1. Go through the residues of segment 19-40 one by one and say whether even a single one is under 17 Å from Phe130 (Cα atoms) and either in contact with a Pro (Cβ under 6 Å, 6 or more places away or on another chain) or charged (D, E, K, R) (or both).
2. Residues that are touching a strand residue (DSSP E or B) at 6+ places or on another chain (Cβ under 6 Å), at pLDDT 95 or above and in a loop (DSSP other than H, G, I, E, B): does segment 25-46 have at least one?
3. Restricting the first residue to segment 106-130 and requiring it to be in contact (Cβ under 8 Å) with a residue 40 or more places away in the chain, which pairs with a second residue that is exposed (fewer than 14 other Cβ atoms within 10 Å of the Cβ) meet a Cβ separation below 7 Å and a spacing of at least six or different chains?
4. Considering segment 117-154 alone, what residues qualify as being of a type in the set (D, E, K, R), surrounded by 14 or more Cβ atoms within 10 Å (Cβ to Cβ) and at pLDDT below 90?
Amino acid sequence: MSEQISGFKYADSSNQFLKKVFNEKKKVVSNFSRYYTHNFDALTTSEKRDGHGLFGKNLVESYLCGNNKYYSIFIRLNKEDFVNLKKRNQKEFSFLSKSKNINLKCLDDLIFSDNNFKKKIIDIRNINLFQNRQNELMKKIKNDFYNGKIRIKD
């Protein structure tokens, strides 16, 4: 697959693609990861279910990341949501959670330099992001990952 897309600048235009992810020790642990804005409803209700797209993106990226550790970071899900998604036994989330190539992280796995910013993310947990776009917030999330202001517990 890597040979097929040689020279292709994958995900350069995506606001959610992360070319730099730091751990709690402020060490770069990935140069090829993504944060997702799915909330629990988006992955479980029939009118919003986006499991297939999520599955496909994770599958492709987990193979394209090469020697990088691939993190799939869900900023609007918490540990309890992960537990409940695993209980549902949906094939998409079940595959993601069992994959040795995909490292799932949620809001509870993130360290924020600014707790007020974390609260802003928690505040959008259940809103519809298609109707109520949060473009500036999403850009700040990406920048804060790049600058090490949002880090992952590894």
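The values are calculated or read from the model by the stated rules, or taken from the named source; none is laboratory data. Since this is a predicted model, take the numbers as computed values, not measurements. Heads up, the Cβs are rebuilt from the backbone with ideal geometry, glycines too, and the neighbour counts pull from every protein chain shown.
1. Start the filter on segment 19-40 by keeping residues that are under 17 Å from Phe130 (Cα atoms), which leaves 35-40.
Subset that is either in contact with a Pro (Cβ under 6 Å, 6 or more places away or on another chain) or charged (D, E, K, R) (or both): none.
So far as segment 19-40 goes, no, none of its residues is under 17 Å from Phe130 (Cα atoms) and either in contact with a Pro (Cβ under 6 Å, 6 or more places away or on another chain) or charged (D, E, K, R) (or both).
2. no
3. Asp109/Lys153; Ile111/Glu24; Ile111/Lys153
4. Hit for segment 117-154 is Asp154, nothing else.
Here's the yes/no breakdown for (1) closer than 24 Å to Ile150 by Cα; (2) among the basic types (Lys, Arg); (3) in a loop (DSSP other than H, G, I, E, B):
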{"position": "Ser72", "(1), (2), (3)": "yes, no, no"}
{"position": "Phe82", "(1), (2), (3)": "yes, no, no"}
{"position": "Lys87", "(1), (2), (3)": "no, yes, no"}
{"position": "Leu104", "(1), (2), (3)": "yes, no, no"}
{"position": "Asn116", "(1), (2), (3)": "yes, no, no"}
{"position": "Lys120", "(1), (2), (3)": "yes, yes, no"}
